[in-house]
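Comments concern the structure below.
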Amino acid sequence: MSGGESGAVPTAQVRIDHHSAVHLAADLARRTARKCGLDGSLPDQAAAVASELASNLDKHAGDGVVFLQPLPLGAGFEVLAVDRGPGMGELQRCLADGYTTTNTLGTGLGAVSRVADAFVIRTRVPDGTVASARLAPRAGSAAGGAVPPGPDGLPGHRVGAICLPAEGEEQCGDGWFLHTAAGQVTAAVVDGLGHGEAAARATRVALRVAQEAPDRALPALMAEMHRALRHTRGAAVGLVRLEPGRLHFCGVGNVRVCVLHHDRSPRRIESRPGIVGWNLPTPHVRTEPLAADRLALVHSDGIQARWAHDPSRFLSQLPAPLLPAALAHRHRRLRDDATALALTGLR
């Protein structure tokens, strides 16, 4: 099962800077959910989830944003809500129906946790809150009822992604690909040079190569991308392969990998200088340990590299579904496309 096509669909976002943005988030969620293969009452449920999360941001948080996108693995839809504070001091009470601090019915987060197929939330005072609500097609629907990868692959709750175009652009020059197989996961993050249609075209070409031969050795896959990109403006590419207990990385250009640890700064792995499609250096593979309770984050330079120099305790402890959105909200370069893909180590 692969998630490569998801990376070709930019993440939509709604800034919750006014109460009217709550309705906008709900309407966009409904339309996006339909594009993601949800049918019947599911698009309305997606809209309700987005509305509840956006309302929570509007009432309680500062600098909030809602992200809407396809699921990283399989068919389905995801709503992400991120803010910069003040956080919730009593999360379990906030998740209970009937609890409210604003004289409303108090059913927001409790309703989200019931409607969503998967709901993950983390909060810390005063750092803020990050939440992910995921909905999948029902069995027998037009989307076929996507089956998650087995125990040798990468279950959906162990991966997260975000892919945002530069402000003012409709197309995203970044993209990502993910392929799971028995005992192995292959991922790619591609950053087409510049932004807009020409960058997006280069990224599509590179992702197509990854989709056609995901099990190829990483240097060979990079070389094939180089040949395919010769008639484009070129791209930066980061290729990752996960095996139980370890990570292999082959990168060219401004795509980085960070291996996160709970008790110390992330281990940063830089790519080699060059442009895939123009001047490819000899592909080199770096190998790092990656335990099953650790994350690797692959990201383009639309996410500022300084985030990893001294990450907050809140960021360093976020699970895979939440980390990319939190980083994009706090450390994104608005004038550049930004992609981040979080992967949990394999058992």
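The values are calculated or read from the model by the stated rules, or taken from the named source; none is laboratory data. All figures in this text were calculated on a predicted structure; none of them were measured in a lab. When we count neighbours, we look across all protein chains shown, and the Cβ atoms used for this are built from the backbone with ideal geometry, even at glycine. Ligands, DNA and RNA are stripped out before the accessible areas are found, and what is left, the full protein with its side chains, is counted by its heavy atoms. Shrake-Rupley method; radii C 1.70, N 1.55, O 1.52, S 1.80 Å.
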Item to check | Condition check for Arg201: under 23 Å from Gly302 (Cβ atoms) and open to solvent by 40 Å² or more (accessible area, probe 1.4 Å) | outcome: yes
Checklist entry - Pro72 is checked against (1) at pLDDT below 95; (2) open to solvent by 10 Å² or more (accessible area, probe 1.4 Å); (3) in contact with a strand residue (DSSP E or B) (Cβ under 7 Å, 6 or more places away or on another chain) and fails just one. What number does that condition carry? => result (2)
Checklist outcome for this item: Taking segment 294-336 and keeping residues under 23 Å from Leu239 (Cα atoms), at pLDDT below 95 and in a helix (DSSP H, G or I) leaves Ala305, Arg306, Trp307, Ala308, Ser316
Checklist entry - Counting only residues that are open to solvent by 30 Å² or more (accessible area, probe 1.4 Å) and closer than 29 Å to His231 by Cβ, which one in segment 280-299 is nearest to the chain's Cα centre (by Cα)? => result Val285
Checklist outcome for this item: Checking Thr287, Thr339, Thr282 in turn, the sole residue that is of a type outside the set (Lys, Arg), part of a loop (DSSP other than H, G, I, E, B) and either in contact with a His (Cβ under 7 Å, 6 or more places away or on another chain) or within 24 Å of Ala206 (Cβ to Cβ) (or both) turns out to be Thr282
Item to check | Residue tally, condition among the charged types (D, E, K, R) and either out of contact with any Gly (no Cβ under 8 Å at 6 or more places or on another chain) or crowded, with 22+ Cβ neighbours inside 10 Å (or both), over segment 217-231 | outcome: 2
Next on the checklist: When you scan segment 206-213, do you find a residue that is modelled with pLDDT under 95, at positive phi and out of contact with any Phe, Trp or Tyr (no Cβ under 8 Å at 6 or more places or on another chain), even just one?
Outcome noted: no
Checklist entry - Got a sec? Which of Gly277, Gly302 is crowded, with 23+ Cβ neighbours inside 10 Å, in contact (Cβ under 8 Å) with a residue 40 or more places away in the chain and within 20 Å of Leu221 (Cα to Cα)? => result Gly277
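If I go through segment 232-252 residue by residue, how many of them are buried (at least 21 other Cβ atoms within 10 Å of the Cβ) and either without any contact (Cβ under 8 Å) to a residue 24 or more places away in the chain or not charged (D, E, K, R) (or both)?
The number of residues fulfilling the criteria is 13.
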Next on the checklist: Quick check on segment 118-132. Is at least one of its residues open to solvent by less than 10 Å² (accessible area, probe 1.4 Å), farther than 23 Å from Leu24 by Cα and either at pLDDT below 90 or part of a loop (DSSP other than H, G, I, E, B) (or both)?
Outcome noted: no
Item to check | Qualifying residue in segment 177-195 (condition: aliphatic (A, V, I, L, M), in contact with an Asp or Glu (Cβ under 6 Å, 6 or more places away or on another chain), farther than 25 Å from Ser113 by Cα and at pLDDT below 95) | outcome: yes
Checklist entry - Can His262 be described as more than 28 Å from Pro165 (Cβ to Cβ), modelled with pLDDT under 95 and not in a helix (DSSP H, G or I)? => result yes
Checklist entry - Which residue, of Arg256, Arg272, Arg267, is modelled with pLDDT of 95 or more, closer than 18 Å to Leu239 by Cβ and in contact with an Asp or Glu (Cβ under 7 Å, 6 or more places away or on another chain)? => result Arg256
